[in-house]
Every structure is written in C-alpha cells, then in structure tokens.
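Here, each number is a calculation from the coordinates, and none is a lab measurement. Everything quoted here is computed from the prediction, not taken from an experiment. Methodologically, a virtual Cβ is constructed for each residue, glycine included, from the backbone with ideal geometry; neighbour enumeration extends over all protein chains shown.
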Amino acid sequence: MKKLAFLCAGVVMLAMTSCKSNLWTATQVPVSNTVATCTVADLNVGNRVSYTYRPTSADRKGGLKNCKNAAIAALLKENGNADVLVAPEFNYDNTLTYITVSGRPATYKNFRSCPPVPMP
C-alpha cells in the first residue's frame with residue numbers, strides 16, 4: 001500500500017512540475033536601417049618573384065595550408081614587405097621539407113572612400 005501511495009504521489013508531483021507557462025515580456029520590431037561604408041584602393045603589382053621556404057616542425061604540424069601561408073609571408077617580407085601575393089604558385093615535396101612559392105607581390109595605395117550610394 002505504501003508503494004502505491006509513493007507512486008501516486010510521484011505521478012502527481014511529476015504532473016504538477018511538467019506544467020509550465022511561458023511569459024513573454026519583450027516584443028520584436030524589425031528595424032530597416034543599414035549602415036554601409038566603402039573604401040577602395042589601387043593595387044601596385046610588381047614583377048614575378050620566387051622564394052624557397054624551409055618549414056619548421058611547428059609549421060608542418062599545422063598542415064599544408066599553414067606551410068603555404070608561412071611561405072607566402074616569408075616571400076612578402078623578403079620582397080619589400082608587400083601586402084598581398086597575386087597569382088601564387090606552389091611547388092613542394094610530400095614530406096614538406098621545402099616549399100617554393102612564386103607570384104607577384106603587390107601593395108595597396110591611394111585609399112579613398114566611395115561616393116555615397118542610396119540604400120533601398
């Protein structure tokens with residue numbers, strides 16, 4: 001009899017705790033306001049250069065993409081600290097003992113704002 005009473009009490013408590021009311025106090029209002037800015041720049045592209053990079057063991061742990069990025073960074077630093085490498089090409093062996101990267105180092109210049117464009 002006690003087991004049945006405990007079972008009934010458990011069912012009643014479960015039923016009372018499972019009933020929950022949701023109270024929402026905030027409403028959502030869509031705001032159609034967009035702020036857009038635009039900056040353009042000229043790209044000064046240099047002659048094609050090549051650089052052979054020897055990845056460290058830490059570079060190799062990061063994978064092929066990490067080694068390629070490190071090679072590009074070394075090439076850009078070696079060639080006047082350029083901003084970006086245009087049309088990069090890679091040559092490497094399977095063990096990643098070397099990566100030869102070639103491309104055209106370029107720098108950004110003449111930064112300016114775009115004329116304002118009306119937003120729809």
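For the reader, a short list of remarks on this structure follows.
- For Asp83, residues with placed amide H under 5 Å, excluding near neighbours: Ala106, Thr107, Tyr108
- Residue separation of Gln28 and Asn44 scaled by 0.36 nm, minus their Cα-Cα distance, works out to 1.0 nm of gained length.
- Each label point was placed 7 Å from the Cα along the Cα-to-Cβ direction; for Thr100 and Leu4 their separation is 9.1 nm.
- Across the options Asn81, Tyr92, Ser102, the greatest Cα extent toward the positive end of the charge dipole of the range 77-120 (unit charges at beta carbon of Lys, Arg, Asp, Glu) belongs to Asn81.
- About its Cα centre, the range 47-98 has a charge dipole of approximately 140 debye under the convention of +1 per Lys or Arg Cβ and -1 per Asp or Glu Cβ, with nothing else charged.
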